């Protein structure tokens, strides 16, 4: 490719390989070409009967764990030749992967302001998660302002989009003491009394930690669904998988 273009795309050295300025400028175009080639192959596969191909899904880990397994089982039984790859990440990572065509579509919370097609699936309540012996743990609900100044454990590498949006709505600045990528690690830290956190209910499914979980008053929730760069241009395998997800989760 470098010979054909007439200039270098990569810097090669002892410390590794990096893009040149020309490579950086051409990268979006090259990604578009790769995406177009993959779409061409998918369209050809559909004409052959959707007997082979590859599908990459970006997802919250909680959705991958609790929603997708039965969907993947049904899809695999009907289309055994389609290879499915899951890429779990936080909201910003998923948005970036979708923009770079690294995934066919994403399963996460509603992305306001994003240039994509959105298919809502389910509403999921937000909960305050506290140590079991916390003074507020004995209530039946909690107000957001009661969390003000309490030591806070921030999931999502310190940038959990759903928690930050909730904070902005309520104008509450959390007293962040710890951050982690893993929600189950956050639950263990809460159990040990290191702080409190806010999570959507799906994340807490299957937990074994001794923590208190309280709904908010008034209730707060997020909408979980499917984001696609452009549903009309999605690959045949992606469209078929989206149909499976919508049907099975509706049940």
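Can you give me the distance in nm between label points at residue 168 and residue 33, each placed 7 Å from the Cα along the Cα-to-Cβ direction?
3.7
Compute the angle between helix 236-250 and the longest alpha-carbon principal axis of the chain, please, reported from 0 to 90 degrees and rounded to the nearest 10.
Here the helix axis deviates by roughly 20 degrees.
Roughly how many whole Å is it from the C-alpha centroid of segment 1-42 to that of segment 137-174?
Segment 1-42 and segment 137-174 have Cα centres spaced 42 Å from each other.
In percent, how large is the relative contact order of the chain, given Cα pairs closer than 8 Å and 6 or more residues apart?
Here the relative contact order equals 25 percent.
Can you list, largest first and rounded to whole Å, the semi-axes you get for segment 84-142 by taking the square root of 5 times each eigenvalue of its Cα gyration tensor?
Each semi-axis is the square root of five times an eigenvalue, giving 33, 14, 10 Å.
Dividing the alpha-carbon Rg of segment 161-251 by 2.2 N^0.38 Å yields what?
Against the compact-globule rule of thumb, the ratio is 1.42.
Output the 0 to 90 degree angle, nearest 10, between the alpha-carbon long axis of helix 21-47 and the longest principal axis computed from the alpha carbons of the chain.
80
Taking the structure as given and computing Rg and Dmax of the Cα atoms in Å, which label from (i) 21.5, 70; (ii) 16.9, 51; (iii) 24.2, 88 fits?
Step by step, Rg and Dmax of the Cα atoms in Å for this structure corresponds to label (i).
For residue 205 paired with residue 110, estimate the spin-label separation in nm (one decimal), with each label point 7 Å from Cα along the Cα-to-Cβ line.
Between residue 205 and residue 110, the simple spin-label model gives 2.1 nm.
Roughly how tilted is helix 68-78, in degrees to the nearest 10 and between 0 and 90, from the longest Cα axis of the chain?
The answer is roughly 30 degrees.
Pick from 235, 18, 61: which is most flexible by mean-square fluctuation in a GNM of the chain where alpha carbon atoms under 10 Å apart are linked?
Judging by the Gaussian network model, the answer is 18.
Given Cα pairs under 8 Å that are at least 6 residues apart, what percent is the relative contact order of segment 122-223?
51
Determine the calculated [θ] at 222 nm for the chain from helices alone, applying -39500 (n - 2.57) to every DSSP H run no shorter than 4 residues and normalising by the residue count; nearest 500 deg cm²/dmol. Before the final figure, lay out each step's value.
Working: 8 runs with 91 residues, N = 251.
Computed ellipticity for the chain at 222 nm equals -11000 deg cm²/dmol.
Please work out the Cα center distance from segment 50-84 to segment 200-251, rounded to the nearest Å.
The two parts, judged by their Cα centres, are 15 Å apart.
Laboratory data are not the source of any read-out in this text; all were calculated from the coordinates shown. Only a predicted model underlies this, so the values are computations on that prediction, with no experimental measurement involved. Cβ: placed from backbone, ideal geometry, glycine included. Neighbour counts: every protein chain shown.
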